[in-house]
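Here the structure is laid out as structure tokens; the discussion comes afterwards.
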Amino acid sequence: MLAIVLTMAACSKENDAPKSQDELGGLKHAATITNEDHKIELYTVKGNFISGYNEIALQIKDKNGNLIPNASISWEPVMQMMSMSHSCPYSAISRKDGARNTYGGYIIFQMAGNDMEHWQLTIHYSINGQEYSAVKQIDVLPSNRQQVQSFMGSDNERYVLALVEPSAPKVAVNNMSAALYRMKSMMEFEIVDGYTVEIDPRMPSMGNHGSPNNVHLVQGADKFYHGKLSLTMTGYWKINLRLLDASGNPLKGEELTGEQESSSLYFEIEF
């Protein structure tokens with residue numbers, strides 16, 4: 001009887017333990033970064049990295065392929081250019097909700113790599129007090145449409161504004177979100193608080209018509225900017241943007257009029 005109870009308890013623990021494949025549901029392998037001790041696997045929805053917002057999951061494995069569940073991790077993306085180098089906006093890394101072996105965060109690559117310039121990603125991590133690092137050159141592809149803007153505002157500050165959602169737009173009033181960062185230095189960016197991102201979606205191929213029921217983006221508790229984007233039909237949409245500071249002063253982008261048909265600050269969506 002005791003053997004049966006122990007067997008059932010063992011089975012219960014095994015069933016309760018999160019499975020790595022479940023933790024990676026809907027994700028595709030994007031890159032592997034290795035050092036002498038570990039292999040770090042990175043995953044995204046599409047299996048690659050693109051210019052713009054990238055939500056990334058990662059797992060660390062030892063030499064025997066065992067997953068490491070108790071690591072503290074950070075990362076450092078750097079663009080190696082011909083005459084200089086710079087970083088980009090990125091989040092901290094934390095364990096994914098409900099996961100045992102999978103960690104996650106995001107990186108906003110403000111530009112794609114090319115034959116002469118490339119992104120390098122360094123992963124710093126500690127396991128049981130022991131410090132490690134691993135580094136690799138990664139491919140960052142250009143997005144099909146404009147998903148991120150890096151620009152100088154009228155306040156002489158440089159900003160990075162990236163589209164987060166909708167990632168799968170549909171004919172409806174979509175939840176829209178964006179990330180807004182200010183460049184403090186070539187290697188450091190900070191989240192911008194309390195601004196407004198005004199939106200005016202238009203279809204240039206259809207007489208530049210707009211859509212009803214849009215809601216401008218304001219900052220939420222997660223530090224992203226949230227609003228509503230109305231898309232009334234499939235096709236190419238130019239999401240004209242206007243960035244206002246906390247006092248309502250315009251920093252970048254133009255209001256659309258009969259003569260001003262588009263803004264210099266915009267995202268693009270096609271579906």
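The values are calculated or read from the model by the stated rules, or taken from the named source; none is laboratory data. Remember, predicted model here, so these are calculated numbers, not experimental data. Glycine gets a Cβ as well: all are built from the backbone with ideal geometry, and neighbour counts include every protein chain shown. Just the protein is used for accessible areas: all its heavy atoms, side chains included, with ligands, DNA and RNA removed. Shrake-Rupley method; radii C 1.70, N 1.55, O 1.52, S 1.80 Å.
Overview of values
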{"quantity": "Per residue value of the accessible surface for the chain (all protein chains in place, 1.4 Å probe), Å²", "calculated": "52"}
{"quantity": "Accessible area of R145 in the full protein assembly, 1.4 Å probe (Å², nearest 10)", "calculated": "80"}
{"quantity": "Sequence of M203, M81 from largest to smallest accessible area, 1.4 Å probe", "calculated": "M81, M203"}
{"quantity": "Stretchable slack from K28 to H124, in nm (0.36 nm times residue separation minus alpha-carbon distance)", "calculated": "32.3 nm"}
{"quantity": "Extension gain (nm, one decimal) between E165 and E268, 0.36 nm per residue minus Cα-Cα", "calculated": "35.9 nm"}
{"quantity": "Signed unit charges on C-beta, dipole axis of segment 27-164, positive-most listed residue Y90, I60, H118", "calculated": "I60"}
{"quantity": "Length released on extending from S91 to S74, taking residue separation times 0.36 nm less the Cα-Cα span", "calculated": "5.2 nm"}
{"quantity": "Solvent accessible area, Å² - R100, 1.4 Å probe, full protein context", "calculated": "120"}
{"quantity": "Among (i) 81, 50, 36; (ii) 75, 39, 37; (iii) 71, 45, 35, the entry derived from the coordinates for Cα extents along the principal axes in Å", "calculated": "(i)"}
{"quantity": "Rounded accessible area of M116 (nearest 10 Å², 1.4 Å probe)", "calculated": "120"}
{"quantity": "Long-range lysine pairs (8 or more apart or interchain), segment 126-266, Cα under 21 Å", "calculated": "8"}
{"quantity": "Inter-site label distance for S247 and K63 at 7 Å from Cα along Cβ, in nm", "calculated": "6.2"}
{"quantity": "Nitroxide proxy distance, nm - points 7 Å out along Cα→Cβ at R100 and E117", "calculated": "4.5"}
{"quantity": "Order of exposure, largest accessible area first, which applies to M176, M183 with probe 1.4 Å", "calculated": "M183, M176"}
{"quantity": "Whole-number percent relative contact order across segment 82-169, with pairs defined as alpha carbons under 8 Å at least 6 apart", "calculated": "19"}
{"quantity": "Debye intensity ratio I(q)/I(0), log10, segment 81-207, q values 0.18 Å⁻¹ (C-alpha model)", "calculated": "-1.27"}
{"quantity": "Charge dipole (the chain, unit charges on Cβ, about Cα centre) - positive-most of L141, G25, M203", "calculated": "G25"}
{"quantity": "Fraction of accessible area attributable to carbon and sulfur, the chain (%, probe 1.4 Å)", "calculated": "48"}
{"quantity": "Student exercise, segment 147-253 dipole from Lys, Arg, Asp, Glu Cβ charges, in Debye to nearest 20", "calculated": "340"}
{"quantity": "Mean separation of Cα contacts under 8 Å, 6 or more apart, over the residue count of the chain: relative contact order %", "calculated": "13"}
{"quantity": "Cα-centre dipole for the chain with unit charges at Cβ (Lys and Arg positive, Asp and Glu negative), debye to 20", "calculated": "600"}
{"quantity": "Accessible surface ranking that places the most exposed of S185, S247, S126 first, with a 1.4 angstrom probe", "calculated": "S247, S185, S126"}
{"quantity": "Expected 222 nm ellipticity per residue - DSSP helices of 4 or more, -39500 (n - 2.57), all of the chain, to 500", "calculated": "-2000 deg cm²/dmol"}
